[in-house]
Amino acid sequence: MARVARLVIRHRLLVVGAWIVLTLVGGFSTTRLADRWFQSFSIPGYSAYEANQRTLKLFGSGEQAPLVAVFTSPSKDVTQVEGIRRAIDATAHIVRGSRTGSWFETHSDMYLSKDRHTMVATIYPPGNATFSSFPPIKEARAALKSATPKGVTSHLTGRDAIFESQGGESGPGVLTELLIGAFGALIILLFVFGTLPAVGMPLAMAASSILTTFACVYVLTYLTDVSIIIQFLVALVGLGVAIDYALVMIFRFREELALGRSTDDALVETMTHAGRSVIISGSTVAIGLLSMVILPLPFIRSIGIGGMLIPAVSVLASITLLPALLSLLGPRINRLRVMPRRFVNPPSAERGFWARWARLVTRRPLPVFLLGAVVVTLVVLPAFHINPSDAQLKNEPAIGDAAAGQQAIKQSGIPDGVYLPHVVLVEKGASPATLEKVADAVERTPGIYGAAAPPSWRKDDAGLVEAFGTVDGNAREAKDTISRLRNDVLPNLESQLGSSTRITLAGVPAETRDFIKAVYGKFPFVLLFVLIMTFVLLMRAFRSVLLPLKAVILNLISLGAAYGIVVFIFQDGHGSEAIWNIQATDAVISWIPLMIFAFLYGISMDYEVFMLTRMREAYDETGHTKRAIELGLARTGKLVTSAALVLMFAFFSLSTGPGPDIKQFAIGLSAGIIFDATVIRALLVPSTMQLLGRWNWWLPSWTARVLRTRPSPLEPATSEA
């Protein structure tokens, strides 16, 4: 790293110029990416997804959840009111290419309330489901209202209508999220550094890293599909790691200047120690994101491949662009002070809050450890009953006509299964008699309210049956219904009808269960990959067996704490309605635990690496565990909490965005990050290390030979001061 530092110093203007060009190219690339994103949600090889794809090919619809038209006639049987069928047709006409299920086609009472005063009709939008598209809900609602006969009240609700009412199409975009994060970073960096040059440098490096990463992603889109989710990873994780790495470099540079070193010598020393720490940290972030390729989902694999570019570019900027800028500034980094002088001075190893706290922890490690263990236990416990699933739609907050439709369905007694119906695809021999037989068998299944086979849902030798569950398709009980249909009812029907007839459960609920199985069935392998790779990397970096073991265990605890907080607030409902106006969902939205893992694992490991690097360095200098812990914590406590506050502010601000998914994601990340930086890094890391004593630094000779590093023999117990 010293050679890299000297090379950058000699060619600093060339390095800065190259990064300016890369940043401008990145800015241009962001304007071209909108049409390059891969937006499909696909889980190839899973039965419900494949059945929905075949349905889409045959009928033009099948991937998306239906819009639900609700009609209420308080004074008479709604089936006897003239004009309701025309209103359904008018609505479906706006959603061109849609497929409609209603009482008028099937005369099935499942579309009616018991008193026959309320009717529902399902309208399935055509085309593929994507992450950012809605059917023409406003236009369809206007057509519905216009065509509804007098004396009848109508509403348009359903999953997409509810999400649209939450602001799903107008939520914060990636640029807004980035600006929120940058503003939060600016405020906190003012208190951290106190001078304008020191504050501006992390933001400049973050901007350059993020835009350059977008340029790399743009090139990647010509080589493979890249999920649209990558843009949020680049913006938020990119902001986080770029500022984290800039903080650790600038902290060390100012510390070396304060010791009286020249600019060049301070940079060489900074790169030798902090630069190495940045490379290790970036490697752990990359490992966490790379693990996504293990999951059998194309869009998640693309997140893993594209996500690796984030730490790669940020590390490269940290060891080239940032040293070049620091070389140009030199001692001027401490000029243009806008805060009191105590914010400018580097953290002292002997004075200040973190120095006093470090001495307290090393004097009383067991009480501090027990305090941290109690807090961790209380926070992590809720995570053990996490239910990764989409929230039931009756619990989704909605406004306007979508909410009125929710209320009308609730009051009518029509079950919540209407929002996400089960669909059965019958192929090869789907005659009217066969479809009626399938519908009858499905309707008799426990957990099914009603089933019908609309005549227009037949084409060639294929046909569809629509069934409403007694509960929402996202409810826990729906799992049993899906299992009965897949494993018992439909196979029995196939055997009765003959080997040529193929009957498959399709629809959104079954595909959602397949998604959860695909992700979380393989999740233990993802964790195992990450833990082993991280353990080996850190074992070599810190020349220790126990330090990396402790690091991966504490990182798992941090993840568990983030999950526990989300479960406690949103799944169990403690404060979600009072603060965010969201009822208890009895679920954590299915993709959130995975994305929290992808974001949080690497970022929290950054903090561990920053602390352990300084502690290992101090131990190699002093040979005393107690002194190494005190020096390491005193010199990195402010750094870690500052970096955590930057990200916490950015993510917490996102919780004001529309939709429970954004709120759950934002709160999980912000709470997990600040919990990690306080309870884990300030309580458990130093107290555990003090309790382990000389065993922290042990690396046997045979392990060192395998890792191609120097051994670290176990010191005699009497050598500790």
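Structural remarks
- Computed label-point distance, nm, for sites GLU621 and ASP89 using a 7 Å Cα→Cβ extension: 8.4 nm
- Spatial separation of Cα centroids for the range 39-99 and the range 447-477, in angstrom: 11 Å
- Computed Kirkwood radius, in angstrom, where 1/r is averaged over Cα pairs of the range 1-128: 19.8 Å
- Based on protein heavy atoms only, the range 403-538 ends up with 39 Å² per residue of surface accessible to a 1.4 Å probe.
- Equivalent ellipsoid semi-axes - Cα gyration tensor, the range 172-264, angstrom: 30, 16, 8
- Listed residue (PHE542, THR221, ALA650) projecting farthest to the positive dipole end of the chain, Cβ model: PHE542
- Counted over the range 459-544 with a bin width of 10 Å, the fraction of Cα pairs per bin, in whole percents, is 14, 30, 22, 14, 11, 7, 2.
- Relative to its residue count, the range 21-81 spans a Cα convex hull of 204 Å³ per residue.
- Across the chain, Cα pairs under 8 Å and at least six residues apart give a relative contact order of 18 percent.
- Simple spin-label estimate for ALA373 and ARG96 in nanometres, 7 Å along Cα-Cβ: 6.7 nm
- Descending by average beta-carbon neighbour count within 10 Å, the peptides 275-282, 160-167 line up as 275-282, 160-167, the highest first.
- Packing rank of 401-407, 335-341, 418-424, 507-513, where each peptide gets the mean count of other beta carbons within 10 Å, highest leading: 418-424, 507-513, 401-407, 335-341
- Descending principal axes extents, the chain, alpha-carbon based, whole Å: 91, 50, 46
- Under the Karplus curve 6.51 cos²θ - 1.76 cosθ + 1.60, θ = phi - 60°, whole-Hz ³J(HN,Hα) for the range 145-160, x wherever Gly or Pro sits: 5, 5, 8, 5, x, 5, x, 10, 9, 10, 9, 10, 10, x, 4, 5
- Listed by chain and number, the aspartates and glutamates whose alpha-carbon sits under 16 Å from that of LYS114, ignoring those within fewer than 8 places in the same chain, are ASP77, ASP416.
- Remark: the chain carries a charge dipole of roughly 2640 debye about the Cα centre, counting +1 on each Lys and Arg Cβ and -1 on each Asp and Glu Cβ.
- Per the Cα gyration tensor, the range 435-590 maps to an equivalent ellipsoid with semi-axes of 45, 23, 11 Å, ordered largest to smallest.
- Fraction of accessible area attributable to carbon and sulfur, the chain (%, probe 1.4 Å): 61 percent
- Sum of side-chain charges, HIS117 neighbourhood, beta-carbon under 15 Å (Lys, Arg +1; Asp, Glu -1): +1
- Per-q log10 I(q)/I(0), the range 70-118, q = 0.13, 0.18, 0.29 Å⁻¹ (Debye; single scatterer per alpha-carbon; no solvent): -0.31, -0.57, -1.19
- If the segment from GLU477 to VAL4 were pulled out straight at 0.36 nm per residue, it would be longer than the present Cα-Cα gap by 164.3 nm.
- For peptides 200-210, 113-123, 360-370, sequence by mean Cβ density within 10 Å, most packed first: 200-210, 113-123, 360-370
- Over the chain: helical MRE at 222 nm, DSSP H runs n ≥ 4 each giving -39500 (n - 2.57), nearest 500: -18500 deg cm²/dmol
- Here the label points at ARG261 and SER47, each 7 Å from Cα along the C-beta direction, are separated by 6.4 nm in the simple model.
- Residues whose amide H falls under 5 Å from that of PHE38, counting only those 5 or more places apart or on a different chain, are VAL226, SER227, ILE228, with hydrogens built in the peptide plane.
- At full extension, LEU381 and SER133 could sit 85.6 nm farther apart than now, given 0.36 nm per residue minus the alpha carbon distance.
- Length released on extending from LYS57 to LYS459, taking residue separation times 0.36 nm less the Cα-Cα span: 143.6 nm
- Within the shell of other residues whose beta carbon sits under 12 angstrom from the beta carbon of ARG513, the net charge comes to 0, with Lys and Arg scored +1 and Asp and Glu -1.
- The relative contact order of the range 395-511 comes to 33 percent, based on Cα pairs under 8 Å that sit 6 or more residues apart.
- With N as its number of residues, the range 600-721 has a Cα radius of gyration that, divided by 2.2 N^0.38 Å, comes to 1.32.
- Contact order normalised by residue count of the range 250-322, Cα under 8 Å, 6+ apart, percent: 27 percent
The values are calculated or read from the model by the stated rules, or taken from the named source; none is laboratory data. Just so it is clear, the structure is predicted and the values come from calculations on it, not from any experiment. Cβ: placed from backbone, ideal geometry, glycine included. Neighbour counts: every protein chain shown. Quick note on the areas: whole protein, heavy atoms, side chains included, nothing else; ligands and nucleic acids left out. Shrake-Rupley method; radii C 1.70, N 1.55, O 1.52, S 1.80 Å.
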